[in-house]
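The values are calculated or read from the model by the stated rules, or taken from the named source; none is laboratory data. The model shown is predicted, which means the values in this text are computed figures rather than measured ones. In this analysis, Cβ positions are derived from the backbone assuming ideal geometry, glycine residues included, and neighbour counts consider all displayed protein chains.
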Amino acid sequence: MNEDLVYLNGEYLPQARACVPLTDRGLLFGDSVYEVVPAYGGRPFRVSQHLARLDRSLAAIRMRNPLSHAQWRSVFERLTEPLRGRDHSIYLQVTRGAYPVRNHVIPSEVRANVFAFCMPIPPRDPVVATRGIRAVTLDDIRWHRCDIKATTLLANVLARAQAGDAGADEAILVRDGQVMEGTASNLFIVSNGLLITPPDSPELLPGVTRDLVLELAHEAGVPFAHATIGMAELGNADEVWLTSSTREIAAVVELNGRRVGDGAPGPMWQRMDDLYQACKERLRLGSECHDE
Ligand SMILES: Cc1ncc(COP(=O)(O)O)c(C=O)c1O
């Protein structure tokens, strides 16, 4: 029942009564940004990092955050409070707002529409988690500001559909011979014991999960590097992972129909996944884990 609750512009409403006008620029132009914050046992995870990225996305589209971080935290608290004990993700979106005239020019007087609601995260299936996923590589046809978490995701949606047509779970996007990220995930490879992820750039989203994986690697003494990854390095990698707030760390065991490593999640994945799961468990039990 309480999953039905929506925050909309200062009010808490049932989903059916939460409406934005058809002239909202988020609908007409994709003129909006979003975040997805996982909440384990009802406790939002890595809130500061998600809010910092929201600020960066908004600044990049010439908007100020309509809510302070304290206000966002209290929205998260109110939405997750009835869901204590269960895992959810909080979806939030800030659109530029509704304006009666459809015109590409950004109106000077327009009030943002802000909304958020919770969605259940299905319990992790240990069999699926330990079996790994399949991926294919596809041409990255997205724009050159993929560092903005914009709702304009049609290229990602179509790439995911193409991956599905090929019997894969995710597409890994390749631009000018460089491997960037998944349609909704960041990419890691393990090569000769070294964990590698592509460097920050306008061509990929700086993932909150990716940063956590790097923090955990640092603490565990696992060597890592930010470096560009070409197709040959991807193809020869010992392990390939995709990370996101909802997917966590997923091991890719099949790439373009060929086995990765020995076709099962590798030992480095197991090590990092254990650390990641321990972090989630500490949060569930009420202690902060890598949250600030
Ligand atoms: C394109 C893209 N890259 C990476 C990610 C992973 O980001 P995060 O770990 O913050 O969920 C996402 C998440 O949705 C994404 O859409």
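Would you check if there is a residue in region 99-110 being touching a Pro at 6+ places or on another chain (Cβ under 9 Å), within 15 Å of the ligand (Cβ to nearest atom) and within 30 Å of Tyr7 (Cα to Cα)? Looking through region 99-110, none of the residues is touching a Pro at 6+ places or on another chain (Cβ under 9 Å), within 15 Å of the ligand (Cβ to nearest atom) and within 30 Å of Tyr7 (Cα to Cα). Checking each residue in region 244-263 for being crowded, with 16+ Cβ neighbours inside 10 Å and under 23 Å from Pro122 (Cβ atoms) picks out Ser244, Ser245, Arg247, Glu248, Ile249, Ala250, Ala251, Val252, Val253, Glu254. Against the numbered list (1) without any contact (Cβ under 8 Å) to a residue 24 or more places away in the chain; (2) of a type in the set (A, V, I, L, M); (3) part of a strand (DSSP E or B), Ala232 comes up short only at (3). Evaluating Val36 against the criteria (1) outside any strand (DSSP E or B); (2) under 16 Å from Tyr7 (Cα atoms); (3) not charged (D, E, K, R) leaves one unmet condition, (1). Going through (1) among the aliphatic types (A, V, I, L, M); (2) within 16 Å of the ligand (Cβ to nearest atom); (3) more than 22 Å from the chain's Cα centre (by Cα) one by one, Ala52 falls short only on (3). With respect to Ile148, is the statement that it is outside any helix (DSSP H, G or I), surrounded by 13 or more Cβ atoms within 10 Å (Cβ to Cβ) and on the phi < 0 side of the Ramachandran plot true? Criteria met by Ile148. If you check Val33, Val37 for being farther than 18 Å from Leu283 by Cβ and crowded, with 20+ Cβ neighbours inside 10 Å, only one passes: Val33.
For region 59-87, the set of residues classified as touching a strand residue (DSSP E or B) at 6+ places or on another chain (Cβ under 7 Å), modelled with pLDDT of 95 or more and over 19 Å from Gly10 (Cα atoms) consists of Ile61 only. One residue stands out among those in region 204-216 that are under 15 Å from the mean Cα position of the chain (by Cα) and of a type in the set (D, E, K, R): the one that is farthest from the ligand (Cβ to nearest atom), which is Asp211.
Comparison of Trp269, Trp241 shows that the only residue that is under 30 Å from Ala166 (Cβ atoms) and part of a helix (DSSP H, G or I) is Trp269.
Among the residues of region 156-187, those that are within 12 Å of the ligand (Cβ to nearest atom), assigned to a helix (DSSP H, G or I) and surrounded by 16 or more Cβ atoms within 10 Å (Cβ to Cβ) comprise Asn156, Ala159, Arg160. Every test in (1) more than 19 Å from Gly266 (Cβ to Cβ); (2) within 18 Å of the chain's Cα centre (by Cα) is passed by Gly182 save one, and that test is (1).
Taking the criterion of being under 20 Å from Thr243 (Cα atoms), part of a helix (DSSP H, G or I) and in contact (Cβ under 8 Å) with a residue 12 or more places away in the chain, would at least one residue in region 77-85 satisfy it?
No, that holds for no residue.
Note on region 239-261: residues that are over 14 Å from Gly132 (Cα atoms) and among the acidic types (Asp, Glu) total 0.
Summed over region 235-270, residues that are without any contact (Cβ under 8 Å) to a residue 60 or more places away in the chain, away from the ligand (no atom under 15 Å from the Cβ) and in contact with a Leu (Cβ under 8 Å, 6 or more places away or on another chain) total 1.
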